[in-house]
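The values are calculated or read from the model by the stated rules, or taken from the named source; none is laboratory data. If you're wondering where the values come from, they're calculated on a predicted model, not measured in any experiment. Virtual Cβ from ideal backbone geometry, glycine too; neighbours counted across all protein chains shown. We work out accessible area using only protein heavy atoms, side chains counted, and drop any ligands, DNA or RNA first. Shrake-Rupley method; radii C 1.70, N 1.55, O 1.52, S 1.80 Å.
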Amino acid sequence: YKRAKLDDDQVSDKVIGTHSGTFQADEAMGCFLLRQLPEYRNSKVVRSRDPKVLETLDIVIDVGGIYDHAKRRYDHHQRGYDERFDDGKEGTEGRCTKLSASGLVYRHYGKDVIKAFYPGLSPEHLDFVYVKLYDTLLEALDAVDTGVEMAPELLYRDTTGLSSRVGRLNPRWNEVDAPNPDERFMEASRICGEDFLSVLTKIVESDLPAQEFVEKAVLSRHEVDPSGEIISLHSGGLPWKGYLYELEKKHGVDPLIKFVLYTDQAGMWRVQAVTVEGKAFENRLGLPEEWRGVRDEDLESLSKIKGARFVHAAGFIGGNDTYEGALEMARVALTRK
């Protein structure tokens, strides 16, 4: 897939409305998304809190106290509002955040925006991209705008993200020769668009093909080893961690996969342990304890496996000169359950 280039000369006569005053990434992103659609392509954006002004506009987000898709009104500040993207992942209590204005826009128009840039996506791939893009980018904007912290207790606060970068575009209280806030808002919307397209492109052109490679590896796992607990990826650098758990559920994998074989940039074969789902450092099964921290000739002698080059001190990864050697390292590890 390659991203399509939209027509910059197309300008819709529809008008988008949002609130005036201090702006956030929420409505800046929402306006960007709408302005990618044919119906609102490069539409004028009016920023106001005057109900008489807003009622004349074609579509209004993040102001007005109404969420009504039929009327093209998408606010989230009203009492009793509790719209969420979906029910969340299996085994969770659901999404942690309500939808902000950008989340509402994405709910109703997100797939159309994605199709505008990637019209060739199959329905299955479109669904994958739609959810992953929300998980990767839009959910954080919703959470920031609705006041949901990333963790109960923060050790530090991140001010490098999109919401912070947009916030810094607001005119400062003591800024001399203060800039036009509406011009600054459009700059904020442009920055949101750059991040959106960057994430979208990665998902479609890198993550989506990677998922297909990982799925093939999962389905052919018994060809690698009769146990079905080792998979092999013959493309180094391919991201696999984000897909393995869902693919195991999708295909009813049992027993679960313990090791993944792949090549690094230098051509060495790696054998990496799969972590317990939801854990960063706890492995389903690590490489043997006595190998950990041992290298080269000492490791070959100890393991009796030709080409063994190293095993990390934590036992989560090792290396071998050959595929056969890496596979043997994983097979030996399986006998140490």
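Rounded to the nearest 10 degrees, what's the angle between the helix 123-133 long axis and the longest principal axis of the chain, both from Cα atoms, 0 to 90? For 123-133 against the chain, the angle is about 80 degrees.
Can you give the extra length, in nm with one decimal, that the chain gains between D321 and R79 once fully stretched, where that is 0.36 nm per residue apart less the Cα-Cα distance? Walk me through the numbers on the way to the answer.
Details: separation 242, 0.36 × 242 = 87.12 nm, distance 6.28 nm.
Fully extending the segment from D321 to R79 adds 80.8 nm.
Treating the angle as unsigned and between 0 and 90°, give the value, to the nearest 10°, between the Cα long axis of helix 25-34 and the longest Cα principal axis of the chain. Tilt of helix 25-34: around 80 degrees. Each residue of region 198-211 was assigned a 3J(HN,Hα) from its phi angle through the Karplus curve 6.51 cos²θ - 1.76 cosθ + 1.60 (θ = phi - 60°); the sequence is 5, 5, 4, 4, 4, 5, 6, 8, 10, 5, 4, x, 4, 4 Hz, with glycine and proline shown as x. When the chain is treated as a GNM with alpha-carbon contacts under 10 Å, the residue of Y156, Y243, Y118 showing the greatest mean-square fluctuation is Y156.
The residues of the chain expose on average 53 square angstrom of accessible surface per residue, using a 1.4 Å probe on protein heavy atoms. When the Gaussian network model of the chain links Cα atoms closer than 10 Å, the mean-square fluctuations of A116, A313, A143 top out at A313. Once you reduce region 247-313 and region 110-142 to the center of their Cα atoms, the two points are 34 Å from each other. Among E282, E175, E248, the largest mean-square fluctuation in a Gaussian network model of the chain, built with springs joining Cα atoms closer than 10 Å, belongs to E175. Backbone amide hydrogens, once placed in the peptide plane, bring N283 within less than 5 Å of V276, excluding anything fewer than 5 places away on its chain. Here the Karplus relation 6.51 cos²θ - 1.76 cosθ + 1.60, evaluated at θ = phi - 60°, turns the backbone of region 100-110 into coupling constants of 7, 4, 5, x, 5, 4, 5, 4, 8, 10, x Hz, with x for every Gly and Pro.
Apply the Debye scattering formula to region 187-270, with a single equal point scatterer on each alpha-carbon and no solvent, then give log10 I(q)/I(0) at q = 0.11, 0.21, 0.23 Å⁻¹. Here log10 of I(q) over I(0) equals -0.38, -0.95, -1.07. Taken one residue at a time, the phi angles of region 243-252 give Karplus couplings (6.51, -1.76, 1.60, θ = phi - 60°) of 10, 4, 5, 5, 5, 4, 5, 4, 9, x Hz. Gly and Pro are set to x. In the chain, helical runs assigned H by DSSP with n ≥ 4 each contribute -39500 (n - 2.57); averaged across all residues and rounded to the nearest 500, the mean residue ellipticity at 222 nm is -11000 deg cm²/dmol. Descending by average beta-carbon neighbour count within 10 Å, the peptides 58-64, 122-128, 183-189 line up as 58-64, 183-189, 122-128, the highest first.
Given a Förster distance of 22 Å, report the FRET efficiency between D9 and N180 from their Cβ-Cβ distance, rounded to the nearest 0.05. With a Förster radius of 22 Å, E is 0.35.
Roughly speaking, to the nearest percent, how much of the chain's 1.4 Å accessible area is carbon and sulfur? Before the final figure, lay out each step's value.
Details: 9020 of 17920 Å².
Its accessible area is 50 percent carbon and sulfur atoms.
Annotation: extensible slack from M150 through S198 equals 15.0 nm (criterion: 0.36 nm per residue apart, minus Cα-Cα distance).
When all protein chains stay in place and ligands, DNA and RNA are ignored, the 1.4 Å accessible-area order of F196, F32, largest first, is F32, F196. Using the Cβ-Cβ distance between V332 and D296 with R0 set to 30 Å, the FRET efficiency from 1/(1 + (r/R0)^6) comes to roughly 0.95.
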